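Shown next, in structure tokens, is the structure this report addresses.
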Amino acid sequence: MARPRTSETADRIRAAAMALIAEKGVAQASLREIAERVGITKPALYYHFASREELLRGLVQPLVDDMEELLAAAEAAHEDDPQRLLADYFDVTYRHRAITSMVMTDPSVLAHLNLAAAVDGWRRRLTALMYGPEPTLAQQVRATVAIGGLGDCTILDLDAAPTEVRRATLEAAYATLGF
């Protein structure tokens, strides 16, 4: 039988880690259990990820990269359409809803990776893009409620098509923002 390629094994490790963390949380998901789920040894897991932190970072990095790309592009283009910006934000968070769910279920992931500052920075950048560099208190509060609620809606287990969830979520966010 052919041996899986290294990247395939790393993908399998990430998938097993996501599933186990969703079940048990970060602190209770051991690297040994992750390796067993993949069918490899713990030293083989360390070949792909040198530490628990590196594995966790590997889980959330796609979301971080996509969010940074979205915000950088919007800032460079001086995006002035808040509805388009929020739609793009929804699309990124929905695409990475498994990561968002993991973080919301176990916020210690933010602490393990020191990501709380990054997430707060994303919110601040989105707010500045929507309202300008000096938003009022009311605008900051509206943005916080809309952005947080939008993120929450991406992980709800709703009996609706993703396009309907997107439409309803964006309508609610726009209303909250006063657009």
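Taking the criterion of being modelled with pLDDT under 95 and within 20 Å of CYS153 (Cα to Cα), the residues of the stretch 69-85 that qualify are PRO82, GLN83, ARG84, LEU85.
Of the residues making up the stretch 124-148, those that are touching a Ser or Thr at 6+ places or on another chain (Cβ under 7 Å) and either free of Cβ contacts under 8 Å to residues at least 12 places away in the same chain or open to solvent by 60 Å² or more (accessible area, probe 1.4 Å) (or both) are PRO135, GLN140, ARG142, VAL145. Helices (runs of 4 or more DSSP H) fully within the stretch 61-113 that include at least 3 residues being open to solvent by 50 Å² or more (accessible area, probe 1.4 Å): 82-95, 97-105.
Residue count for the stretch 35-60 satisfying the condition of being closer than 19 Å to LEU20 by Cα, in a helix (DSSP H, G or I) and of a type in the set (Ser, Thr, Tyr): 1. Check ALA27, ALA72, ALA19 and return the single one that is free of Cβ contacts under 8 Å to residues at least 40 places away in the same chain, small (Gly, Ala, Ser) and more than 30 Å from MET130 (Cα to Cα). Exactly one residue qualifies, and that residue is ALA19.
The values are calculated or read from the model by the stated rules, or taken from the named source; none is laboratory data. In this text the structure is predicted, and so the values were computed from the model without any measurement. Methodologically, a virtual Cβ is constructed for each residue, glycine included, from the backbone with ideal geometry; neighbour enumeration extends over all protein chains shown. Each accessible area value is taken on the protein alone, full model and side chains, heavy atoms only, with ligands, DNA and RNA left out. Shrake-Rupley method; radii C 1.70, N 1.55, O 1.52, S 1.80 Å.
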